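Trainee: Handing you a structure now.
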Amino acid sequence: LPDAWLSKALFGTNVMITTGATFEAIDPVRGITNISTGQMGVALARACRRAGANVTLIYGQIQTDLPNGLTHTIQAVSADAMYQAVHQSVREQDVFISVAAVADYKVKNASNEKIKKQAGVAPVIELTENPDILASVSQLDDAPFCVGFAAESHDLLNHARAKRQRKGVPLLVANLVSESMGKATNQVTLLDDEAETELPNMGKDQVAEAIVQRIAHLLP
Ligand code: CTP
Ligand code: CA
């Protein structure tokens, strides 16, 4: 697509993106996280910016630089903190793109003090469920146009179709963990009411442009 097309695709729209891995504390030095690097969400932030959007990027742990020119950048490391940061201004948004790899569970009683090793006794860490940020946004009255991601290790399309229904999102981006996490490239399938579109393996900036194109096409 010519660059001129992209520069107008989301002109003047407010877009919020979450990205990166959340981190759930066990004690002051330890926690539960995952292998997400934040690259796909940062590529989307860049593409949305190039498409003329005002971008709010909310990020957990990321292993990539933040792009210039974003309207707001907010770090929120735990799922609870990310939930708070999202709901702080999600009602002002036209589009919400949930790329973050949010921990499904947090530690029930995180310790304020470093847990000491006790020979012969392995501690048991009790978990409790985190809020589902994307589902909480898609359920709002007057919800923004919501885009979800699904990273699966197997049976991609069946999991992705079910996830799109469960989350109540008009657009879901499905990818295999082996094709996406920690890589500079990605191979995705876009699932929406009109079609299931399998895209070729491309750099994450190109994947992000294709997603922006699809959002612009579907946006009411
Ligand atoms: N998501 C979220 N908040 C959570 C969990 C997930 O906002 N607590 C979002 C992710 O950002 C992603 C989508 O929901 O856009 C799907 O996440 P995923 O982990 O694939 O789905 P789950 O419903 O958690 O299912 P599972 O982990 O069992 O595959
Ligand atoms: Ca999950």
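Trainee: Would you grab the residues whose amide H sits under 5 Å from the one on H72? Only those 5+ places off in sequence or on another chain, please, with H modelled 1.01 Å from N.
Mentor: V55, T56, L57
Trainee: Give the dimensionless ratio obtained when the Cα radius of gyration of the chain is divided by 2.2 N^0.38 Å.
Mentor: Output field value: 1.05.
Trainee: Still on this structure, I have one more. Using Cβ contacts closer than 10 Å as the measure, can you line up T56, T71 from fewest to most?
Mentor: Neighbour counts put them in this order, fewest first: T71, T56.
Trainee: Report, please, the projected area of segment 1-63 averaged over directions, based on the convex hull of its C-alpha atoms, in nm².
Mentor: Over all viewing directions, segment 1-63 projects a mean Cα-hull area of 5.0 nm².
Trainee: If you don't mind, there's one more thing I want to ask. Please compare each pair in K8/K204; K114/K183; K117/K163; K8/K183 to a cut-off of 31 Å on the Cα-Cα distance and tell me which ones are over it.
Mentor: Those over the limit are K114/K183; K117/K163.
Trainee: Can you give the Rg and Dmax of segment 106-220 based on its C-alpha atoms, in angstrom?
Mentor: 18.8, 61
Trainee: Sequence gap at least 6, Cα distance under 8 Å: using those rules, report the relative contact order of the chain to the nearest whole percent.
Mentor: Computed over the chain, the figure is 20 percent.
Trainee: I would also like to ask the following. Go ahead and run the numbers for FRET between V124 and V177, Cβ-Cβ distance against an R0 of 25 Å, rounding to 0.05.
Mentor: My answer for the efficiency is 0.35.
Trainee: Peptides 31-39, 191-199: what's the order by average Cβ count within 10 Å, highest mean first?
Mentor: In decreasing order of mean packing, 31-39, 191-199 become 31-39, 191-199.
Trainee: Using the beta-carbon distance between L157 and I115 and R0 = 41 Å, what value does 1/(1 + (r/R0)^6) give for FRET efficiency, to the nearest 0.05?
Mentor: My answer for the efficiency is 0.45.
Trainee: Sort 119-128, 85-94 by the packing proxy (mean of other Cβ within 10 Å over each peptide's residues), most packed first. Spell out each step's value before the answer.
Mentor: On the way: 119-128: 8.6, 85-94: 16.9.
Going by the mean number of other Cβ atoms within 10 Å, highest first, we get 85-94, 119-128.
Trainee: Q206 to A135: extension gain in nm, 0.36 nm per residue of separation minus the Cα-Cα distance? Write out the running numbers ahead of the final one.
Mentor: Details: separation 71, 0.36 × 71 = 25.56 nm, distance 2.70 nm.
Additional length available on full extension: 22.9 nm.
Trainee: Along segment 7-20, what does the Karplus equation 6.51 cos²θ - 1.76 cosθ + 1.60 (θ = phi - 60°) give for ³J(HN,Hα), rounded to whole Hz, x for Gly and Pro?
Mentor: Here the 3J(HN,Hα) series is 5, 10, 4, 10, 4, x, 7, 9, 10, 10, 10, 9, 8, x Hz.
Trainee: For segment 25-156, take every pair of Cα atoms, bin their distances at 10 Å starting from 0, and report each bin as a whole percent.
Mentor: Whole-percent P(r) values from 0 Å outward: 11, 37, 31, 15, 5, 1.
Trainee: For T13, which sequence-distant residues (separation of 5 or more, or a different chain) have an amide H within less than 5 Å of its own amide H, given hydrogens modelled in the peptide plane?
Mentor: HN-HN under 5 Å from T13: N54.
Trainee: Segment 78-118 to segment 148-217: how many Å between their Cα centroids?
Mentor: Taking the Cα centre of segment 148-217 as reference, the centre of segment 78-118 is 23 Å away.
Trainee: Right, something else. Using label points projected 7 Å from each Cα along Cα→Cβ, tell me how many nm separate E196 and A25, to one decimal.
Mentor: Distance between the two pseudo-spin positions: 4.3 nm.
No value in this document is a laboratory result; all are computed from the given coordinates. Just so we're clear, the structure is a prediction, and the values are computed from it rather than from any experiment. Virtual Cβ from ideal backbone geometry, glycine too; neighbours counted across all protein chains shown.
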